[in-house]
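Read the structure below first, then the notes.
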Amino acid sequence: MNKITHFIVHSKVATAIAALLCIGVWIQTIVQSGSGEVLSYLNLLLYLIFGVLMGSYSERSTTSSRRSPFPTTLFYMCCAINPQLATWQEGTLCLMLMVAAYHILATTYRERTAMGSYFAAFASVGIASIFTPQLLYLAPILILCCGFMQSLHVRTAIASLLGVIVPYWVAFCILFLTDNTHLGQSFVDRLIVGSSYATDSLLVPIREGDTLAVPMIAVQWGWVILLTIPAIVHHTLSGTTKVKTRAIHNMQIGHMTTLLIGMMILPSLYGTMQPTLITLTASIGYGIFVAENKGRGRNIWLITLLIIWLLILSLNVWNSFSTF
């Protein structure tokens, strides 16, 4: 069991296998959708590149003496069981904007004069909220979660709020100068009108001719919870984590929790913010498995998660072929 878990956590071959499985599932989804194939393949390429870059960034902040490609592996695993991402173009753009915000915020630890960084970071969040209007409701909570960085005070909070607002001023000025202010009504409608979750289901065969329909969203969120809760507990109890790394992870945990609860209350957030959620899941979930002191319980848990992931992936593929 130790050899299997070591291979999964520390081998780049495991990362390549996860990436290939993700590519296979996404290409199958793109072919079946039959629309926007060029953009979808570009979307897939962007996710592959982003996974590599995320793994490189996570390696620099890990507390383990051994570098591990496991964050990238987890990211591709999360993508593989979210084939809907293959056609979510706005979600990809929001992911890049949110990651840019996290990258900027990570440099503000105990920086008392970080107003410019907070302004730039939440300007990115403001741009993302143009594509996902109801993200505005979560913006104040996302700002408060930055308190873990010990650089949030009155001036940085005001700078954050200004950063969120500025993209809207720019957008309004453009619409006003082009005499298209009526287009703002569509944004207001998306901001106040409710929506419902996608009805996609994962069909689980029970016996010959009978299947059980499980909502896809429940399966995907179940995977997120099973992966991150033990990691959060480990992170909370660990006394060996670097202070700055702990602060960054606390902020990420706060933002992930905010997004998850926000998606439960506001279903319209699910489509575009799901890529950001799985990125935070991979960034937070890998820590427990690359720690120096690993017990048998963690190995068993990793194998259990792998079995669950393979089961979900197999059912996704089976469901896809059954539609032909």
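The values are calculated or read from the model by the stated rules, or taken from the named source; none is laboratory data. Source: prediction; values computed, not measured. FYI the Cβ positions are ideal-geometry reconstructions off the backbone, even for glycines, and counts take in every protein chain you see. Keep in mind that these areas ignore ligands, DNA and RNA; they rest on the heavy atoms of the full protein, side chains included. Shrake-Rupley method; radii C 1.70, N 1.55, O 1.52, S 1.80 Å.
Of the conditions (1) of a type in the set (S, T, Y); (2) outside any helix (DSSP H, G or I); (3) under 21 Å from the mean Cα position of the chain (by Cα), Y109 clears all except one; give me its number.
So Y109 meets the others, but not (3).
Filtering segment 176-201 down to residues that are aromatic (F, W, Y) and assigned to a helix (DSSP H, G or I), which residue is least open to solvent (accessible area, probe 1.4 Å)?
F187
Scan segment 138-164 for residues that are charged (D, E, K, R) and under 20 Å from the mean Cα position of the chain (by Cα) and report the count. Walk me through how you get there before you give the answer.
So in segment 138-164, the residues charged (D, E, K, R) come out as 155.
If we keep only those that are under 20 Å from the mean Cα position of the chain (by Cα) too, we end up with none.
Summing the residues that are charged (D, E, K, R) and under 20 Å from the mean Cα position of the chain (by Cα) in segment 138-164 gives 0.
So that you can scan it fast, the table gives a plain yes or no per residue for (1) in a helix (DSSP H, G or I); (2) farther than 21 Å from G184 by Cβ; (3) open to solvent by 40 Å² or more (accessible area, probe 1.4 Å):
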site: E90; (1), (2), (3): yes, no, yes
site: L93; (1), (2), (3): yes, no, yes
site: I104; (1), (2), (3): yes, yes, yes
site: Y118; (1), (2), (3): yes, yes, no
site: S129; (1), (2), (3): yes, no, no
site: Y137; (1), (2), (3): yes, no, yes
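Which one of these is under 30 Å from R110 (Cβ atoms), surrounded by fewer than 22 Cβ atoms within 10 Å (Cβ to Cβ) and modelled with pLDDT of 85 or more: I225, I308, I265, I232?
I232
Suppose we filter segment 281-314 for residues that are within 14 Å of L226 (Cα to Cα) and of a type in the set (A, V, I, L, M); how many remain?
11
Can you list residue pairs whose Cβ atoms sit under 8 Å apart, with the first residue in segment 249-269 being closer than 16 Å to V193 by Cα and assigned to a loop (DSSP other than H, G, I, E, B) and the second being at pLDDT 90 or above and open to solvent by less than 30 Å² (accessible area, probe 1.4 Å)? Count only pairs 6 or more apart in sequence or on different chains.
If the second residue must be at pLDDT 90 or above and open to solvent by less than 30 Å² (accessible area, probe 1.4 Å), the pairs left are L266/Q134.
Looking at segment 54-72, is at least one residue of a type in the set (G, A, S), modelled with pLDDT of 90 or more and either under 26 Å from S320 (Cα atoms) or surrounded by 15 or more Cβ atoms within 10 Å (Cβ to Cβ) (or both)?
no
Which of the residues belonging to segment 165-183 are aliphatic (A, V, I, L, M) and under 28 Å from the mean Cα position of the chain (by Cα)?
I165, V166, V170, A171
Would you confirm, using the coordinates I've provided, whether N299 is of a type outside the set (A, V, I, L, M), in contact with a Pro (Cβ under 8 Å, 6 or more places away or on another chain) and open to solvent by less than 50 Å² (accessible area, probe 1.4 Å)?
In short, no.
Which of the following residues is in contact with a Phe, Trp or Tyr (Cβ under 9 Å, 6 or more places away or on another chain) and more than 18 Å from T272 (Cβ to Cβ): A198, A171, A213, A159?
Residue meeting the stated conditions: A159.
Identify the residue in segment 5-24 that is touching a helix residue (DSSP H, G or I) at 6+ places or on another chain (Cβ under 7 Å) and modelled with pLDDT under 90 and, among all such residues, is surrounded by the most Cβ atoms within 10 Å (Cβ to Cβ).
So, considering only residues that are touching a helix residue (DSSP H, G or I) at 6+ places or on another chain (Cβ under 7 Å) and modelled with pLDDT under 90, the one surrounded by the most Cβ atoms within 10 Å (Cβ to Cβ) is I8.
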